[in-house]
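Visitor: One structure follows; several queries about it will come next.
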Amino acid sequence: MDWLTTVDHKKIAILYLIAGGFFFGIGGIEALLIRVQLWKPMNTFVTAQQFNELITMHGTTMIFLGVMPIIFAIMNAVIPLQIGARDVAFPFLNSLGFWTFLFGGLLLNLSWFMGGAPDGGWTAYAPLSSTTYSTTHGVDFYTIGLQIAGLGTLIGGINFLATIITMRAPGMSFMRMPMFTWTTFVTSAMILFAFPAIAVGLVLLSFDRILGANFFNVAGGGNPVLWQHIFWIFGHPEVYILILPAFGIISEVVSTFSRKRLFGYSSMVFATILIAFLGFMVWAHHMFTTGMGPVANALFAIATMLIAVPTGIKIFNWLFTMWGGQITFNTASLFAIGFVPTFVMGGVTGVMLGSAPADYQFHDTYFVVAHFHYVIVGGLVLGLFSGLHYWWPKMFGRVLNETLGKIEFWTFIIGFHLTFFLQHFLGLVGMQRRVFTYLPNQGFDLMNMLSTVGAFLMGVGVILFLVNVVITARKPVGVENDPWGDGRTLEWAIPSPPPEYNFKQLPLVRGIDAYWKEKMAGHKEMTPAEPVGSIHMPSPTIIPFVMSVGLFIAGLGFMFTTDDFGNSFLNFLFNNYIVVIIGLGITFGSMIVHSLYDDAGWHIEPEEIDGKGAEA
Amino acid sequence: MTTLHAEQATNKLPHEPEKATLEGRNKILGFWLFLAGEAVLFGTLFATFLTLRNQVADGPSASELFSLPITAVATLILLVSSLTSVFSIQAMHRGNVKSLLTWLTVTVLLGLGFLGLEIYEFYEYVTHYGYGMTTSAFSSSFYTLVGFHGAHVTFGICWISLLIGQVARKGLTVVTAPKIYVSAMYWHFVDVVWVFVFTVVYLLGKVVG
Ligand code: HEM
Ligand SMILES: [Cu+2]
């Protein structure tokens, strides 16, 4: 019950981690099933229809329900601490964002049990996603589930933006913010500008399917390419929404474990902003082959390649940070170091794909699959593992096992390169993506088999991580503030795990890497910026949970409005929008309740703070 | 000036009660951010509409359909409601709860008037022209864009009505003031969007064809 009503950012972080990890597991199983089907030619492990459902759900689940929430988990756990705040700007919305994400994700996955999962590819291209070609409710689950989950992401983005703008500790100017805070800030801004676009796209697609609208239906004057534009105007920024937080994590980890300040801090900040800006300019490089014409193709190709410049700046800054540093090779830093060359390879194939004429060759082959897995898995997932190992002690008060961690790293990264390096060549010799099987002796057989072996190795790596988590959970809580000894930023100045109010007194920030600066000046803790006083806390509430349940019900109701259940009562409920109205009624009703009863919150008094033995 | 000070003194509220607390300031900032997202949302809807506005299939086209006098009146009503909403905020800054409530009520009534005209308009299109969601790509994008705006107006009406009730009960405090301020921001935003709807959908459709 505690967990259903919490508004504490640290607990919400754990909720995001569990839920994100759960969906990541489902996505992983789907991936392994795909690889089993492809491990030999003419395999009949799954049918073509099941294969389409698997690839669609794998991509969708991983991106929207797996890695995004894990990113949010780390952001929630770390950002308020890094900026020296007691909480986020809107604790209520923080909880609402989590629950809408979870119920959206559950709705989407319900499709497996209710007549078929979406099968139009994770990009849901029209007309594949139209009722003509996708006859089950699968795509409806996709549009409505993602709509609800996306709402949660948008809420989260707004919350982090406001938090970082207004809640920074005294003395922490923008140019003193830790790099992970910076990338979270920029990522949140990108979410704010990208997610409403996909929200509209999903509405249009569901109107086409459920209300018989004609947005993408050529017979009614609609335009399928419009879907692609809307999808990628969101979709390309989305890939940077994914990778920028990883950049932030890598910056923190590399500088901590090199015992050096991040090289070129301000150029890192500007590179991040530039990447975000360019990220919105290049969406049509996913559409070179739709016939936009040479001028548009050339412009988008050039814009795409420009992104390599700020990205290159980042890579060199990480290298220069490590250069001459006293590097500690633990699990967190291994993942970070492994990230750098892997991500560079993904970037290089990105530039290759960005060259429009070459893309005519690569498009829709396994070369593209290899490219985006190098950036998403080799970049983001390595970054997430690095970040989890790095901040685990802060979140849970226990350090993950190092030996196991290193084994984890090596199995995962070897498995990863085995799986995806070969796929570049599979693509080059002509294997198409999204085909459920292939003929023997076309030069695909061996590489596919090895690729499947690699995928299972990655699976083992992930399982080892889980084993590590379980083993670590048995250890007693209570590492000190700064278990790495080299912590540079504010989160390391308070106990692990932090008390409910984070900082007894807001700290005074005197430079970049605020905690390191104090340590170098011979201080053990931060100089407080305020006297000890009573701390105001928001009350827990069940309303966000109820609101999300309402949306879930309304979504299900909307999807089945045109169905004939063969049961007059059910037909009455669904066909007259009664279920939709009930669901929305629950949501808006709880909003009204929330608005009517102002939360006065509660206070932690100074005596209690000391009583709890916090030494912040 | 003297009356202003007198009013404030009786209320013991700062001149801008909406910005008096961190919660209030956060709320306003968060709402600006939310509106930025809303702008992208409507931007995408407008782009869709512009792409599809001539795709009329077998259905009627914009110039056959629209009647400028009705939409002009609707526009006027909505613009005036923005003005009354400004008056309500001014009343709030003077600490005059009664005038605040009056202006909020006028705003809601004007909103209802606008909504009534819109419902009438849609009703006409459907019954007299057989112009529904499924008629053509143009109709789909028309109903979606204008309907989204209408839904925003509806939401705003409910929201402001709720706030009227709250202020009537609890009075003007540092908790209710940010809510009123933010709802006014919302209302202006919805108005500005309508100006674009009027131009891009109706004027362009009727005049350019
Ligand atoms: C140097 C930076 C990058 C460049 C130049 C680049 C370029 C491209 C191009 C041109 C394509 C389209 C290929 C095609 O469909 O024919 C593509 C696909 C893709 N990229 Fe990248 N990319 C870059 C970085 C990233 C990053 C950082 C991510 C994710 C974190 C990413 C994720 C993807 C995904 C998911 C696809 C496949 C989409 C699909 O069709 O399903 N890329 N990239
Ligand atoms: Cu892209």
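The values are calculated or read from the model by the stated rules, or taken from the named source; none is laboratory data. Note that the structure is a prediction, hence the values are computed from the model and not measured. Positions of Cβ are generated from backbone atoms using ideal geometry, with glycine treated the same way; all protein chains shown enter the neighbour counts. Please note that ligands, DNA and RNA were not included when accessible areas were found on the heavy atoms of the full protein model with its side chains. Shrake-Rupley method; radii C 1.70, N 1.55, O 1.52, S 1.80 Å.
Visitor: Hey, does the stretch A:172-190 have a residue that's within 8 Å of chain B (Cβ to nearest Cβ), farther than 30 Å from residue A:516 by Cα, of a type in the set (A, V, I, L, M, F, W, C) and in contact with a Pro (Cβ under 8 Å, 6 or more places away or on another chain)? Explain how you work it out, then say what you get.
Guide: Kept after step one, since they are within 8 Å of chain B (Cβ to nearest Cβ), are these residues of the stretch A:172-190: none.
No - not one qualifying residue is present in the stretch A:172-190.
Visitor: What pairs come out if I take residues in the stretch A:297-319 that are within 14 Å of another protein chain (Cβ to nearest Cβ) and touching a residue at least 40 places away in the same chain (Cβ under 8 Å) and pair them with residues that are away from ligand 2 (no atom under 12 Å from the Cβ) and among the β-branched types (Val, Ile, Thr) whose C-beta lies under 9 Å away, six or more apart or interchain?
Guide: none
Visitor: Is at least one residue of the stretch A:335-347 within 16 Å of ligand 2 (Cβ to nearest atom), free of Cβ contacts under 8 Å to residues at least 12 places away in the same chain, over 19 Å from residue A:122 (Cβ atoms) and open to solvent by 20 Å² or more (accessible area, probe 1.4 Å)? Reasoning before the result, please.
Guide: In the first step, residues of the stretch A:335-347 are kept if they are within 16 Å of ligand 2 (Cβ to nearest atom); the result is A:343, A:346-347.
Right, trim to free of Cβ contacts under 8 Å to residues at least 12 places away in the same chain and you get none.
No - not one qualifying residue is present in the stretch A:335-347.
Visitor: For the stretch A:137-177, which positions are open to solvent by less than 40 Å² (accessible area, probe 1.4 Å) and hydroxyl-bearing (Ser, Thr, Tyr)?
Guide: Within the stretch A:137-177, A:142, A:143, A:153, A:163 meet the criteria.
Visitor: Assuming residue B:61 fulfils every condition listed in (1) closer than 30 Å to residue A:158 by Cα; (2) within 14 Å of another protein chain (Cβ to nearest Cβ) apart from one, which condition is it?
Guide: Answer for residue B:61: the failing condition is (1).
Visitor: Would you be able to tell me the number of residues in the stretch A:276-304 that are within 12 Å of ligand 2 (Cβ to nearest atom) and assigned to a helix (DSSP H, G or I)? Reasoning before the result, please.
Guide: Going through the stretch A:276-304, the residues within 12 Å of ligand 2 (Cβ to nearest atom) turn out to be A:278-288, A:300-301, A:303-304.
With assigned to a helix (DSSP H, G or I) added as a condition, the list becomes A:278-279, A:283-286, A:288, A:300-301, A:303-304.
Of the residues in that region, 11 qualify.
Visitor: Which one is farthest from ligand 1 (Cβ to nearest atom), of the residues in the stretch A:292-309 that are surrounded by fewer than 21 Cβ atoms within 10 Å (Cβ to Cβ) and under 21 Å from residue A:179 (Cα atoms)?
Guide: Looking at residues that are surrounded by fewer than 21 Cβ atoms within 10 Å (Cβ to Cβ) and under 21 Å from residue A:179 (Cα atoms), I get A:309.
Visitor: Can you confirm whether the stretch B:122-133 contains a residue that is over 18 Å from the mean Cα position of the chain (by Cα) and of a type in the set (D, E, K, R)?
Guide: Within the stretch B:122-133 (the criterion being over 18 Å from the mean Cα position of the chain (by Cα) and of a type in the set (D, E, K, R)), the answer is yes, since at least one residue qualifies.
Visitor: Also: What are the pairs with Cβ atoms under 6 angstrom where one residue, in the stretch A:592-603, is part of a helix (DSSP H, G or I) and the other, located anywhere, is open to solvent by less than 90 Å² (accessible area, probe 1.4 Å) and at pLDDT 90 or above? Sequence gap at least six, or different chains.
Guide: Every condition considered, the pairs that remain are A:594/A:543.
Visitor: Only one of A:328, A:289, A:272 is surrounded by 20 or more Cβ atoms within 10 Å (Cβ to Cβ) and of a type in the set (Val, Ile, Thr); which?
Guide: A:272
Visitor: Of the conditions (1) within 18 Å of the chain's Cα centre (by Cα); (2) at the interface with another protein chain (Cβ under 10 Å from one of its Cβ atoms), residue A:218 satisfies every one except a single condition; which number is it?
Guide: That leaves (1) as the condition not met.
Visitor: Inside the stretch A:385-430, can you point out the residues that are within 14 Å of ligand 1 (Cβ to nearest atom) and open to solvent by less than 10 Å² (accessible area, probe 1.4 Å)? Spell out how you get there, then give the answer.
Guide: Pass one, the stretch A:385-430, residues within 14 Å of ligand 1 (Cβ to nearest atom): A:420, A:423-424, A:427-428.
Scanning the stretch A:385-430 gives A:423, A:427.
Visitor: What residue, of A:540, A:528, A:544, is farther than 19 Å from residue A:110 by Cα, touching a strand residue (DSSP E or B) at 6+ places or on another chain (Cβ under 7 Å), of a type outside the set (A, V, I, L, M, F, W, C) and surrounded by 14 or more Cβ atoms within 10 Å (Cβ to Cβ)? Can you show your working first?
Guide: Values: A:540 fails: touching a strand residue (DSSP E or B) at 6+ places or on another chain (Cβ under 7 Å); A:544 fails: touching a strand residue (DSSP E or B) at 6+ places or on another chain (Cβ under 7 Å).
Answer to the check: A:528.
Visitor: When you look at residue A:30, is it in contact with a Leu (Cβ under 6 Å, 6 or more places away or on another chain) and of a type in the set (Asp, Glu), yes or no? Walk me through how you get there before you give the answer.
Guide: On the way: in contact with a Leu (Cβ under 6 Å, 6 or more places away or on another chain): yes; of a type in the set (Asp, Glu): yes.
It is true that residue A:30 is in contact with a Leu (Cβ under 6 Å, 6 or more places away or on another chain) and of a type in the set (Asp, Glu).
Visitor: Let me ask something additional. What number goes with the only condition from (1) at the interface with chain B (Cβ under 7 Å from one of its Cβ atoms); (2) without any contact (Cβ under 8 Å) to a residue 24 or more places away in the chain; (3) in a helix (DSSP H, G or I) that residue A:196 does not pass?
Guide: (2)
Visitor: Quick check on my filter: what residues within the stretch B:1-52 are modelled with pLDDT of 95 or more, more than 9 Å from chain A (Cβ to nearest Cβ) and farther than 29 Å from residue A:169 by Cβ?
Guide: Listed by number, the residues that qualify are B:46, B:49, B:50.
Visitor: Going through the stretch B:100-144 one residue at a time, which ones are polar (S, T, N, Q) and either more than 10 Å from chain A (Cβ to nearest Cβ) or under 30 Å from residue B:178 (Cβ atoms) (or both)?
Guide: Step one: list which residues in the stretch B:100-144 are polar (S, T, N, Q), which gives B:102, B:105, B:107, B:127, B:134-136, B:139-141, B:144.
Hits for the stretch B:100-144 are B:102, B:105, B:107, B:127.
Visitor: Name the residues in the stretch A:367-379 that are open to solvent by less than 10 Å² (accessible area, probe 1.4 Å) and away from ligand 2 (no atom under 14 Å from the Cβ), would you? Give the steps one after another, and end with the answer.
Guide: Filtering the stretch A:367-379 down to residues open to solvent by less than 10 Å² (accessible area, probe 1.4 Å) leaves A:367, A:370, A:374, A:378-379.
Within the stretch A:367-379, A:367, A:370, A:378 qualify.
Visitor: Restricting attention to the stretch A:200-238, which residues are in contact with a Gly (Cβ under 6 Å, 6 or more places away or on another chain) and away from ligand 1 (no atom under 14 Å from the Cβ)?
Guide: Of everything in the stretch A:200-238, those that are in contact with a Gly (Cβ under 6 Å, 6 or more places away or on another chain) and away from ligand 1 (no atom under 14 Å from the Cβ) turn out to be A:214, A:215, A:216, A:230.
Here is a yes/no grid of residues against (1) surrounded by fewer than 16 Cβ atoms within 10 Å (Cβ to Cβ); (2) free of Cβ contacts under 8 Å to residues at least 40 places away in the same chain; (3) within 13 Å of another protein chain (Cβ to nearest Cβ):
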| site | (1), (2), (3) |
| --- | --- |
| B:146 | no, no, no |
| B:156 | no, no, no |
| B:163 | no, no, yes |
| B:170 | yes, yes, yes |
| B:176 | no, yes, yes |
| B:180 | no, no, yes |
| B:205 | no, no, no |
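Visitor: From A:593, A:549, A:509, grab the single residue that is surrounded by 13 or more Cβ atoms within 10 Å (Cβ to Cβ), out of contact with any Gly (no Cβ under 9 Å at 6 or more places or on another chain) and β-branched (Val, Ile, Thr).
Guide: On the way: A:549 fails: out of contact with any Gly (no Cβ under 9 Å at 6 or more places or on another chain); A:509 fails: out of contact with any Gly (no Cβ under 9 Å at 6 or more places or on another chain).
Answer to the check: A:593.
Visitor: Can you name every residue in the stretch A:241-275 that is touching an Asp or Glu at 6+ places or on another chain (Cβ under 9 Å) and either within 16 Å of ligand 2 (Cβ to nearest atom) or among the aliphatic types (A, V, I, L, M) (or both)?
Guide: Once the filter is applied, which keeps residues that are touching an Asp or Glu at 6+ places or on another chain (Cβ under 9 Å) and either within 16 Å of ligand 2 (Cβ to nearest atom) or among the aliphatic types (A, V, I, L, M) (or both), the stretch A:241-275 yields only A:262.
Visitor: Right, next: Considering each residue of the stretch A:221-232, count those that are within 7 Å of another protein chain (Cβ to nearest Cβ) and either closer than 30 Å to residue A:162 by Cα or among the small types (Gly, Ala, Ser) (or both), and give that number. Walk me through it before giving the result.
Guide: Let us first name the residues in the stretch A:221-232 that are within 7 Å of another protein chain (Cβ to nearest Cβ), namely A:221-223, A:226, A:230.
This time we only want the ones that are either closer than 30 Å to residue A:162 by Cα or among the small types (Gly, Ala, Ser) (or both), so: A:221-222, A:230.
Matching residues across the stretch A:221-232 total 3.
Visitor: Can you give me the number of residues within the stretch A:199-214 that are open to solvent by less than 10 Å² (accessible area, probe 1.4 Å), part of a helix (DSSP H, G or I) and within 7 Å of chain B (Cβ to nearest Cβ)?
Guide: 2
Visitor: On to the next question. Quick check on residue B:57: is it touching a residue at least 24 places away in the same chain (Cβ under 8 Å) and either of a type outside the set (Val, Ile, Thr) or in a loop (DSSP other than H, G, I, E, B) (or both)?
Guide: Values: touching a residue at least 24 places away in the same chain (Cβ under 8 Å): yes; either of a type outside the set (Val, Ile, Thr) or in a loop (DSSP other than H, G, I, E, B) (or both): yes.
When the stated conditions are applied, residue B:57 passes them.
Visitor: Being small (Gly, Ala, Ser), within 16 Å of ligand 1 (Cβ to nearest atom) and either away from every other protein chain (no Cβ under 14 Å) or under 28 Å from residue B:45 (Cα atoms) (or both) narrows it down to one residue among A:267, A:258, A:251; which is it? Working first, answer last.
Guide: On the way: A:267 fails: within 16 Å of ligand 1 (Cβ to nearest atom); A:258 fails: within 16 Å of ligand 1 (Cβ to nearest atom).
Step by step, each of A:267, A:258, A:251 is checked, and only A:251 is small (Gly, Ala, Ser), within 16 Å of ligand 1 (Cβ to nearest atom) and either away from every other protein chain (no Cβ under 14 Å) or under 28 Å from residue B:45 (Cα atoms) (or both).
Visitor: For the stretch B:95-144, give me each residue that is of a type in the set (Lys, Arg) and within 24 Å of residue A:211 (Cβ to Cβ).
Guide: Of the residues in the stretch B:95-144, the ones of a type in the set (Lys, Arg) are B:98.
The answer is none; no residue qualifies.
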